[in-house]
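So the structure is just underneath, and the comments pick up after that.
Laboratory data are not the source of any read-out in this text; all were calculated from the coordinates shown. Just so you know, these numbers come straight off a predicted model, no measurement behind them. Please note: Cβ atoms are built from the backbone with ideal geometry, for glycine as well, and neighbour counts cover all protein chains shown.
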Amino acid sequence: MSLDPITADDRHALVVAARAVAESGLVVGASGNLSVRRGERVLVTPRRAKLGAIDPEDCVEVALADGSVADDHPTDSEPTSEAALHRAVYAATDARAVVHTHSHFATVLGTLVDELPAIHYGLTAFGGPVRVVPFAIFGSDELAASVGAAFEGRRGVLLANHGAVVAADTIDGAVDLALQLEWLCSVAYHATVAGSPKLLSADDLDRTVQQSRALRYSLTEPS
Ligand SMILES: [Zn+2]
């Protein structure tokens, strides 16, 4: 049994965050999914749901270990098809919230590069250069495993020909990271189309992290 049960407040916060993702234009149709972790339990958004119109009761509590649905799940909704991906991120990190989107520029960059170029110091919010994992079929264990591995020391990952995943301590923090990653990808795309952008060195990024610590900014390191 979890010592940190999922509450009605968690369900409400997840629905509010899902609506924010939809209203920010980070997803189209029924794409995208979110989750929060509480102890050994994970609350995920329901399969085939539009993120802007989810009933809190339809969010599904699953076991972190094997993805099994809680016995007392109140509706007939099913967990998102990417529940295994969310569980893999939690297994690889100590994050407590995950957001997966098909946001436009993150998806574009995922078709072009193997790693997000160091185009802006905001990249340090992700713990280092954001990796792009090879294409694998959505909802597959193969995709979940490669995403979990790519989260080593990171707060975000791009999925080739698919989208993006971010992880944070809170669901609001994860939504913010999803927006930041989309912005970084848009800057990288436009700068690359316009010419040959100057990129930051590893030393530039290290000194940015030091400055962020000195000024007590958050989200500069993977938790
Ligand atoms: Zn997806």
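Worth pointing out:
- Leu26 assigned to a loop (DSSP other than H, G, I, E, B), surrounded by 15 or more Cβ atoms within 10 Å (Cβ to Cβ) and among the aliphatic types (A, V, I, L, M): yes
- With respect to being among the aliphatic types (A, V, I, L, M), part of a loop (DSSP other than H, G, I, E, B) and surrounded by 14 or more Cβ atoms within 10 Å (Cβ to Cβ), Ala17 falls outside the description.
- Which listed residue, of Gly67, Gly29, Gly39, Gly52, is within 16 Å of the ligand (Cβ to nearest atom) and without any contact (Cβ under 8 Å) to a residue 60 or more places away in the chain: Gly29
- Scanning segment 29-51 for residues that are surrounded by 24 or more Cβ atoms within 10 Å (Cβ to Cβ) and more than 16 Å from Val89 (Cβ to Cβ) yields a single hit, Leu51.
- The C-beta contact set for segment 124-136 (first residue at positive phi, second residue surrounded by 22 or more Cβ atoms within 10 Å (Cβ to Cβ) and in a loop (DSSP other than H, G, I, E, B), distance under 6 angstrom, 6+ apart or interchain) comprises Gly127/Arg155.
- Among the candidates Asp203, Asp172, the residue that is surrounded by fewer than 16 Cβ atoms within 10 Å (Cβ to Cβ) and either within 14 Å of Val21 (Cβ to Cβ) or within 16 Å of the ligand (Cβ to nearest atom) (or both) is uniquely Asp172.
- Any hit, segment 103-116, residues being in contact with a His (Cβ under 8 Å, 6 or more places away or on another chain) and closer than 29 Å to Pro79 by Cα: yes
- Considering only residues in segment 146-188 that are among the hydroxyl-bearing types (Ser, Thr, Tyr) and out of contact with any Phe, Trp or Tyr (no Cβ under 6 Å at 6 or more places or on another chain), the one that is nearest to Lys198 (Cα to Cα) turns out to be Ser146.
- Note on segment 148-169: residues that are basic (Lys, Arg) and either surrounded by 22 or more Cβ atoms within 10 Å (Cβ to Cβ) or assigned to a helix (DSSP H, G or I) (or both) amount to 1.
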